[in-house]
Structure formats: structure tokens, C-alpha cells
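Have a look at the structure below before the remarks.
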Amino acid sequence: MARKNTASSTASGTDAGVDFIDAADAKTGLSSKGLSAGSIGLLGATVIGISCIAPAYTLTASLGPTAAAVGTQMPGIFLVGFLPMLLVALGYRELNNAMPDSGTSFTWATRAFGPWLGWLGGWGLIVATVVVLSNLAGVAVDFLYLAIGQALETFGVENTVADLAGNVPINILTCLVFMVGACYVSYRGVETTKSIQYWLVGFQLVVLVWFAIAAIVHFADGSAFDATPFSLEWFNPFAVPTFSAFAAGVSLSIFIFWGWDVTLTMNEETKNPKTTPGRAATLTVGIIFVLYILVAVASLMFSGIGTGELGLGNEDISGNVFAALAGPIMGPFAILLSLAVLSSSAASLQSTFVGPARTMLAMGHYQAFPKRFASISPRFKSPGFATIIAGVVAWGFYAVMRVVSNDVLTDTILTLGMMICFYYGVTALACVWYFRKEAFSGARSFLFKFLAPLLGGVILAVIFVTTLIDSMNPDYGSGSNIGGLGLVFVLGAFLLLAGVALMFVMRAVNPAFFTGKTLKRGTSTD
């Protein structure tokens, strides 16, 4: 479908006024935002998708908490977490085919449900990515000092460099350095992002496979810490003793797959924007699933789920499993795993900026956010202002969490899981509602536009509500609490309520979006 380019008005952040809808696509109501079109192909989009998921970082932060929640059923829980992600990804693909727009969840939910739920869908994506940006930076800081310490030890130098990560002021300042660097690369646009990601993603994938094979070899030769024979029962998620433990495990497993939708936020910058982003998302999820199962099984076979020094149930290592297992499993090559997690965190930190920046760009473009967010860098054709704001807010959030949380990584991961369930669920159900008039027109429409996103959306909604209720317990997560309520619940509720408050402020300041003047509600058959 043809589009009239409105990049000139968008780039300057000016108001398109009454001509806005006329300049948009006649069917979808969407319009171009001045991004660099045709910059990313299928391979580039898939690499950026894997980078955003950050498998090395994600696994070191989630293996421990997941094993603590569900024990040896971890592979089965990963499988359960994969299923709603796959179902939702199919719905995302259909929405992107019909409406390729960088606003993704925000734009699609607005078209399906109207401005209020659409705005909250966009807000859910933004806060989820801000939370994970802070988490990524924290892991990068930990592994930076760990890698430096390991490097010095290889030369026989005794040191306490790794302990610097526990110094709060140094930790926060180092986090700022990482955030500024990642923000700068993202500001320079997707071409720079893509070039850097090829090397960083390739390195971490090779090292993770090496780690998994080495762990299995240790099991085979009898040198594993707590050798645990492989069992197909590990893949049975229904063996988890309680539904709360099951929901907690699934919430964590959903977190580990999160990030593939960045391929869709780049849809206005990809070749073949209707098909490439959806294919890249599906390919990304599939590759990551195979890798996660391999590493999870290998870790269980080597460490077991006990609370011993290297057991996955040991709370002292649960927030950063690879830091403890690298040496025993990889020996003198342990530094490679530290560098893999460091590169994974740094790469994902940089690529994760893509999502919130382009969502805020779209919200500014359609006047759901202040018009300044719609500005495009004339040189790099990227959402410069939105990228900088995302970096500033993420660093501020991390600084606060580093001070108030006993375990900032665990609490932010659990909070992130709730935010993911919220905005993925809204988007999946938006697919069902937007295509409702053609859902039963054929087998393909029924499966991909109705059944798959409906099941995915309902599963995520149940997990969101269950986690929200359970997180009220002050012992939930790290055990940090405010006024007797678990910190994870307080964070989740605060972020959502802050979004509602800001939405009403925007409605009062600029009602154009909320009255349907810039982005209209509709269906696929309008």
C-alpha cells in the first residue's frame, strides 16, 4: 500500500494539524516518521533480535531464580514460556503484515481498542525496556570488574578488582559510562547497531555452546559438582508442586525470551517491511529456544539444584550463575564466559534502546507524547531525542534500585516479567480484536489471527494477575519490601499507575490523539 511521506513535518517535531490523517495511509491511518527505510535485511534483523534478548546475560541472571522456583522442571518451564511467546509472535506477525509501524504495541492496540488502552500498551513496552536497560547495565558492570580481575589473575596478580562491583557509588558511575556508550551507538542509527552486533552476538553464541558442551563432558567423566542424570521428566512442567511456583517460573521464562519484538519496532527501517520483521521474530525465538534448552540441561547435569557452593539452588550465586560456574566448568578459559556475558549485556544494552526510542517516536508522532519525541536526527535518521530520554530514565531507575533493593537483578527481572505479560498480552488480544471480522474466513486466518494470539494473550493475562497477587508478599523476590508489600509488587503497581496518571495529563494537554484525530480506531476490513 502506498504511503505519503510526512518525514519533513516529523523531523522538526511540528504539528501536522488537520492534514495529519490525510497524509497517512488511507486504510490504516499510519504514516512515515522519517526513519532510514530499507537499512536492515532478514539476517541483520535476526541478529539484532538475538542481541536484544541477550542469551548470555539472560541465562546468568535467570537460571538460579528459575531453578529455585521449579527445580529440575526448569527445561519444561522454559518450554511453557516459549509457547506463549511463539503464539504471541504469530499475532505480532499478522499485525505487522497489515500495519507496519514503529509504534508496534502502541499503534496496534490503538487501532484495535482505541487510544486509552493503546496508550497503556505503549507505556508497558517503554517501562519494560527501561527496566531491562537498567538490569543490563548492572550485569555489564558486574562482569566488567570480574573479567578484569580474572585477567589479572592469569598473570599471577592477586587482586580485589571484582569486589569493586559491590561498591555502590563506583557501580552506579560505571553503569552511567555503559549507558552513555550504548546510547551513543543507538543514536547513530540501525546501520551502526547492526555492524557492531554481528561480532558481539556471534561471540556469545559460540561461548555458550562451548560452556554447555564442557558441562556435559564434566558430567560424563565424573567431575561434575553435583552430577544429575538427564531425565525426560525435566520437560514435564506439570510436575511443579504449586501453581504459584509454576506461575513464578513461567514469568521468569517469559523474561528470558523477551526482546524478539525489537525486530518489529524496526519495521519502517527493514527491507520488505511487511514480511521481514515477522520472519526475523520467528527465527529469533526458535534459535534462542534451542540454545536455552541446551544450556539449562547442561547446567542441571553439572550443578544440580541443591544449595551447595555451585548448586543452582544456592541463593548466593542465583543472581549471577555464570560468575560462579565459569571457572569450574571452563577452567582457564573461564574469562571467555565472563567476556561473553559482558559483551552480551553491552550489546543488548545498545540494541534494546531501539524499542523504547521508536515507540516514543511513534507516540510523539501521533501526538500521544509531547511533539519533541517525534524529532529525527537529520544526520543519522534515528529518534535521537527519544533515545537520550530512554538512557537518562534507565540510568536513574538503576541508581534508585541499586540503593533500595537487596538484589537489584532479581527484583527488576520479576518486575520486568509482569510488564512483559501486560503489554504482550494487550498486543496479542489486539490482534484478535482487529482481525475479528475475518477470523473465520479460512483456516489460516483462524489459526494465526484468532486462535494463536487469543491463547497467547489469555496465558499472559493469567500469569500477570497471578504474579501481581503473589508479589504482594514481602518475601517475594529478594525479600525487599516497602510498608510490608513486596518491592516487586510496589514497582509493578507504581509503574502502571504512573502510566495512567501521565496518560490523563497528556489527555488534558493535547487531546488530539485521545479524540481519534491522529490515529483512528478500526478493523482489518474497514
Quick tally, 1.4 Å probe accessible area for Y476, Y366, Y187, sorted with the most first, runs Y187, Y476, Y366
Place the peptides 441-450, 140-149 in order of packing, highest mean first, counting for every residue the other Cβ atoms within 10 Å and averaging per peptide. 140-149, 441-450
Cα shape, the range 420-514, gyration tensor, a/c 1.5 rule: oblate
I need the calculated FRET efficiency for the pair D526 and I482, taking r as the beta carbon distance and R₀ as 45 Å, to the nearest 0.05. 0.45
Along each principal axis of its Cα atoms, how long is the chain end to end? Whole angstroms, biggest number first, please. 71, 48, 47
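Subtract the Cα-Cα distance of A498 and A151 from 0.36 nm times their separation in residues, and report this length gain in nm to one decimal.
Length gained, A498 through A151: 120.5 nm.
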Whole Å is fine, so just give me how far the alpha carbon centre of the range 78-97 lies from that of the range 34-60. 17 Å
Just to make sure I understand: if all protein chains stay in place, what is the order of F203, F369, F238 by accessible area at 1.4 Å, largest first? F238, F203, F369
Among A281, G331, G313 the positive-end extreme of the charge dipole of the range 243-339 (Cβ point charges): A281
Could you let me know the centre-to-centre spacing of the range 431-447 and the range 471-516, using Cα atoms, in angstrom? 33 Å
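S231 to D316: FRET efficiency via 1/(1 + (r/R0)^6), r the Cβ-Cβ distance, R0 45 Å, to the nearest 0.05?
0.95
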Relative packing of 500-512, 289-301, which averages over residues the other C-beta atoms within 10 Å, highest first: 289-301, 500-512
Relative contact order of the chain, defined on C-alpha pairs under 8 angstrom at six or more residues apart (%): 30 percent
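About the Cα centre, and with charges only on the beta carbon of Lys, Arg (+1) and Asp, Glu (-1), how big is the dipole of the range 84-212? Nearest 20 debye, please.
For the range 84-212, the charge dipole is close to 500 debye.
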Applying a 10 Å radius around every beta-carbon, put 83-92, 351-360 in order of their mean neighbour count, most first. 351-360, 83-92
FRET efficiency for V465 and F238, Cβ-Cβ distance as r, R0 = 30 Å, nearest 0.05? 0.90
Anisotropy class of the range 315-460 from Cα gyration tensor, a/c 1.5 cut: oblate
Can you show me the helix-derived [θ] at 222 nm for the chain, built from DSSP H runs with n ≥ 4 at -39,500 (n - 2.57) apiece and divided by the number of residues, rounded to the nearest 500. -22000 deg cm²/dmol
Full extension between E309 and S223 adds, at 0.36 nm per residue less the Cα distance, a length in nm of 29.5 nm
By the C-alpha gyration tensor axes a ≥ b ≥ c (rounded if a/c is under 1.5, else prolate when a/b exceeds b/c, else oblate), the shape of the range 197-311 is oblate
Share of the chain's accessible area from carbon and sulfur, percent, 1.4 Å? 68 percent
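The values are calculated or read from the model by the stated rules, or taken from the named source; none is laboratory data. Since the structure is predicted, the reported quantities are computational estimates derived from the model, not experimental observations. Positions of Cβ are backbone-derived with ideal geometry, glycine not excepted, and every protein chain shown enters the neighbour counts. These accessible areas exclude ligands, DNA and RNA; they are computed on the full protein's heavy atoms, side chains included. Shrake-Rupley method; radii C 1.70, N 1.55, O 1.52, S 1.80 Å.
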